[in-house]
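Reading through the structure tokens given below for one structure.
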Amino acid sequence: MKSMNISPAKGNRKLLKKLESRKIDVQTCYQCGRCSGGCPVADYFDLQPMEVVRLASYGMEQQLLSSSTIWLCASCDTCATRCPNDIDITALMDVLRELALRKNIKPAQPRVPAFHLSFMESIKRWGRTYEVGMIGAYKIRSKDFMGDMKLGLNMFRKGKLNLLPHSIEGKPEIREIFAGKGKEYER
Ligand code: SF4
Ligand code: SF4
């Protein structure tokens, strides 16, 4: 991880206001490091969870939204569970990913949002995952046309991939969720 100068003078209050509206209180962090110490993916991060919290407390949005960490976080919740101040770091990562997408920030790990968008698209349309359609959309977005081909064929042979989509009964409710998503983050 490269060193970074974290300064409140460079930050802005908008990010903090967003986090406050989601009841994510990053200001109570006293940098004990328990979140970073328990994170199973931390070795692959360019910012440790405790650094993400500190940067957020200074409103340093740009550094956060362009990091690999927000895309590599597995949302396992270990950090939030270990935090003595109950800071919801998992939700913080969610907010940062959502903001990065809304602001069209070039993702440091482009395959992750490509998968995320393809997955959400499938849920929005069918109310559940339609694997074949989702994989097709992911391949087009990521331009990774040949990756995992053998795995896909094996899954198909074993009947794990349905060629036709299955819908669910509660699609109107799903549509309502999508219609209201993230309005609190609009600028
Ligand atoms: S565990 Fe909580 S208080 Fe400790 S560094 Fe992480 S976010 Fe801050
Ligand atoms: S939720 Fe993300 S940051 Fe927290 S411990 Fe899990 S992978 Fe690490």
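Read the figures in this text as sums done on the coordinates, not as results from a lab. Just so you know, these numbers come straight off a predicted model, no measurement behind them. Here Cβ is always computed from backbone atoms with ideal geometry, including for glycine, and neighbour counts include all displayed protein chains.
Report the Cys residues of the chain lacking a disulfide-compatible partner, meaning no second Cys Cβ under 4.7 Å from their Cβ.
CYS29, CYS32, CYS39, CYS73, CYS76, CYS83
Could you state the orientation-averaged shadow area of the convex hull built on the Cα atoms of the range 101-143, in nm² to one decimal?
Working: hull surface 12.1 nm².
Over every viewing direction, the Cα hull of the range 101-143 projects on average to 3.0 nm².
Would you mind calculating the relative contact order of the range 8-102 from Cα pairs under 8 angstrom and at least 6 residues apart, reporting the percent as a whole number? Numbers along the way, then the final one.
On the way: 123 pairs, mean separation 33.2, N = 95.
Reported relative contact order: 35 percent.
I want the local charge near ILE105. Using Cβ-Cβ distances under 13 Å, sum +1 for each Lys or Arg and -1 for each Asp or Glu among the other residues. Could you put the intermediate results ahead of the total?
Details: positive: ARG97, ARG102, LYS103, LYS106; negative: GLU61, GLU98.
Taking every Cβ under 13 Å from that of ILE105, the sum is +2.
Helix 131-142 versus the longest principal axis of the chain: what is the Cα-based angle in degrees, 0 to 90, to the nearest 10?
Taking the Cα atoms of the chain, the angle to 131-142 is about 60 degrees.
Please compute, over every Cα-Cα pair in the range 8-102, the percentage with a separation greater than 18 angstrom.
The share of Cα pairs beyond 18 Å in the range 8-102 comes to 36 percent.
Distances longer than 17 Å among the Cα atoms of the range 111-179: what percent of all pairs is that?
Values: 1119 of 2346 pairs.
Cα-Cα pairs in the range 111-179 separated by more than 17 Å: 48 percent.
Run the numbers on the chain and let me know its relative contact order in percent, using alpha-carbon pairs under 8 Å that are six or more apart. List each step's numbers first, then the result.
On the way: 204 pairs, mean separation 34.3, N = 187.
Averaging sequence separation for qualifying contacts and normalising by length gives 18 percent for the chain.
In the chain, which longest range has no GluC sites (Glu not before Pro) that are both DSSP loop (not H, G, I, E or B) and surrounded by at most 10 other Cβ atoms within 10 Å? Before the final figure, lay out the partial values.
Working: sites that count: GLU169, GLU186.
Segment 1-168 is the longest.
Using a Förster distance of 35 angstrom, determine the FRET efficiency expected from the C-beta separation of GLU20 and ARG111, and round it to 0.05. Could the numbers behind the result be given before it?
Working: r = 32 Å, r/R0 = 0.92.
Using R0 = 35 Å, I get an efficiency of 0.65.
Restricted to Cα positions, what overall size does the chain have along the principal axes? Three whole-Å values, descending.
Projected onto its principal axes, the Cα set of the chain covers 54, 36, 29 Å.
Given the rule -39500 (n - 2.57) for each run of at least 4 DSSP H residues, summed and divided by the residues of the chain, what is its mean residue ellipticity at 222 nm, to the nearest 500 deg cm²/dmol?
Numbers: 11 runs with 97 residues, N = 187.
Rounded to the nearest 500, the figure is -14500 deg cm²/dmol.
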